[in-house]
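These notes are about the structure you will find just below.
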Amino acid sequence: KPIKEENIEKAIKIVKELPEDADVAIFPEYMMAYPDGDLTPEFVQEIAEPLEGHFISALREAAREKGIWLVVNFFERGKRRPRNVNVIIDRKGSIISKYSKIHLFDVYGYKESEFFEAGTEIVTFDLEGLNVGIATCFDVRFPELFRRMALKGAKAFILPSAWYAGPAKEEQWFIMGRARAHENVAFVLAVGNSAKPFIGRSLVADPFGIVRLDLGNGEKLGFFELDEKEVEKARDVLPLLDLRRPDSYS
């Protein structure tokens with residue numbers, strides 16, 4: 001929805017209604033707000049907030065009250081342009097880390113770099129013993145980012161997205177999500193915005209690149225229990241990270 005306050009209330013309602021045994025809730029890219037027409041620099045600038053602003057503060061409180069981890073996306077106000085940022089919030093409502101989208105969507109006639117300033121830092125974080133990497137949407141087209149996270153110990157990747165609809169776009173979304181999982185022998189948890197003009201299609205791909213959850217089109221709430229032992233067993237039989245020979249290429 002284009003109205004930021006409605007989206008905050010909706011997100012908080014979802015968090016409150018989650019099962020008590022849920023550990024982490026992941027929200028999609030552009031969850032803060034999206035206009036009825038095309039995204040514009042003026043719209044982004046108008047709704048962007050500092051990290052300590054109302055949007056993140058309200059969701060931190062929701063995480064604390066529910067006792068759940070949250071991954072939320074917002075437009076963080078910057079010195080030049082806002083940044084497209086994922087914020088990781090723990091059960092106590094504390095901000096554990098944040099990731100600013102590195103690869104901006106400057107293709108298909110779109111120019112996200114007109115709205116946002118690109119991030120520069122690769123981010124992994126500890127989610128109660130599980131090393132998790134985080135990226136955003138268009139980042140999935142850049143395998144080197146995911147390999148760098150895997151080499152930093154990541155066994156799962158969280159990928160909030162707002163993947164635009166278009167010819168072959170859903171097929172590309174699935175191909176690349178599965179590839180990033182399999183080539184790094186890790187889980188990919190890809191959460192897609194389902195509002196127009198995006199495809200939705202939230203999915204989980206396992207370390208063998210098999211899609212274990214596909215929510216399809218439309219707004220859906222899905223659940224998946226991730227077992228770190230699956231990653232360890234997969235890497236035992238498929239030790240791709242250990243078999244790399246980056247220094248041997250001519």
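The values are calculated or read from the model by the stated rules, or taken from the named source; none is laboratory data. From a predicted model like this one, the values you see are computed outputs, not experimental measurements. When we count neighbours, we look across all protein chains shown, and the Cβ atoms used for this are built from the backbone with ideal geometry, even at glycine. Ligands, DNA and RNA are excluded from the accessible area calculation, which covers all protein heavy atoms including side chains. Shrake-Rupley method; radii C 1.70, N 1.55, O 1.52, S 1.80 Å.
Potential lengthening of the chain between V107 and F223 amounts to 38.5 nm, from the contour at 0.36 nm per residue minus the alpha-carbon distance. Going 7 Å from the Cα of E65 in the Cα-to-Cβ direction, what parts of segment 2-17 have a backbone nitrogen less than 14 Å from that spot? The answer is 8-17. When Rg and Dmax are taken over the Cα atoms of segment 193-250, they come to 16.7, 48 Å. Note that segment 66-164 carries a Kirkwood radius of 14.1 Å, evaluated over its alpha carbons pair by pair. For segment 1-36, the residues whose amide N sits under 16 Å from a probe point set 7 Å from the Cα of S57 along the beta carbon direction are 5, 8-9.
Tell me what the chain gives for mean residue ellipticity at 222 nm when only DSSP H runs of n ≥ 4 count, each as -39,500 (n - 2.57), the sum divided by the residue total, rounded to 500 deg cm²/dmol.
Details: 7 runs with 72 residues, N = 250.
Helix contribution divided over all residues of the chain: -8500 deg cm²/dmol.
Calculated translational diffusion coefficient of segment 109-182 (20 °C, 1.002 mPa s; Stokes-Einstein with Kirkwood radius over alpha-carbon pairs) equals 159 µm²/s.
Charged neighbours of E128, selected by a Cβ distance under 9 Å, balance to -2 (K, R count +1; D, E count -1). Relative to the longest principal axis of the Cα atoms of the chain, the long axis of helix 169-184 lies at roughly 50 degrees. Taken over the Cα atoms of segment 21-60, the convex hull encloses 96 Å³ per residue.
The GluC sites (Glu not before Pro) of segment 6-53 that DSSP puts in a loop, and whose beta carbon has at most 10 other beta carbons within 10 Å, are E17, E20, E52.
With the convex hull drawn around the C-alpha atoms of the chain, the volume per residue stands at 133 Å³.
In percent, what relative contact order does the chain have, based on Cα pairs under 8 Å that are 6 or more apart in sequence?
Values: 495 pairs, mean separation 31.2, N = 250.
Relative CO of the chain lands at 12 percent.
The Rg/Rh ratio for segment 149-250, using Cα coordinates for both the radius of gyration and the Kirkwood hydrodynamic radius, is 1.03. Ordering P28, V15, P50 by Cα displacement along the dipole of segment 1-78 toward the positive end leaves V15 in first place; charges were set at the Cβ atoms of Lys, Arg (+1) and Asp, Glu (-1). In a DSSP loop and with at most 16 other Cβ atoms within 10 Å, there are no chymotrypsin sites (Phe, Trp or Tyr not before Pro) in segment 29-80.
Taking the Cα centroid of segment 33-62 and of segment 124-173, what is the distance between the two, rounded to the nearest whole Å? If you average the Cα positions of each part, the centres end up 22 Å apart. Accessible area per residue was computed with a 1.4 Å probe on protein heavy atoms; H54 scores about 100 Å².
Computed as a quarter of the hull surface, the mean projected area of the alpha carbon convex hull for segment 6-121 stands at 7.5 nm².
Ranking F146, F208 by solvent-accessible area of protein heavy atoms (1.4 Å probe, all protein chains present), from largest to smallest, gives F208, F146.
Working from label points 7 Å from Cα in the Cα-to-Cβ sense, the A165 to Q45 distance is 3.1 nm. Taking Cα atoms only, the orientation of helix 4-16 departs from the longest principal axis of the chain by about 50 degrees.
To the nearest 20 debye, what charge dipole does the chain have about its Cα centre, counting +1 at the Cβ of each Lys and Arg and -1 at the Cβ of each Asp and Glu? Walk me through the numbers on the way to the answer.
Details: 35 positive and 41 negative charges, 80 e Å.
The calculation lands at about 380 debye.
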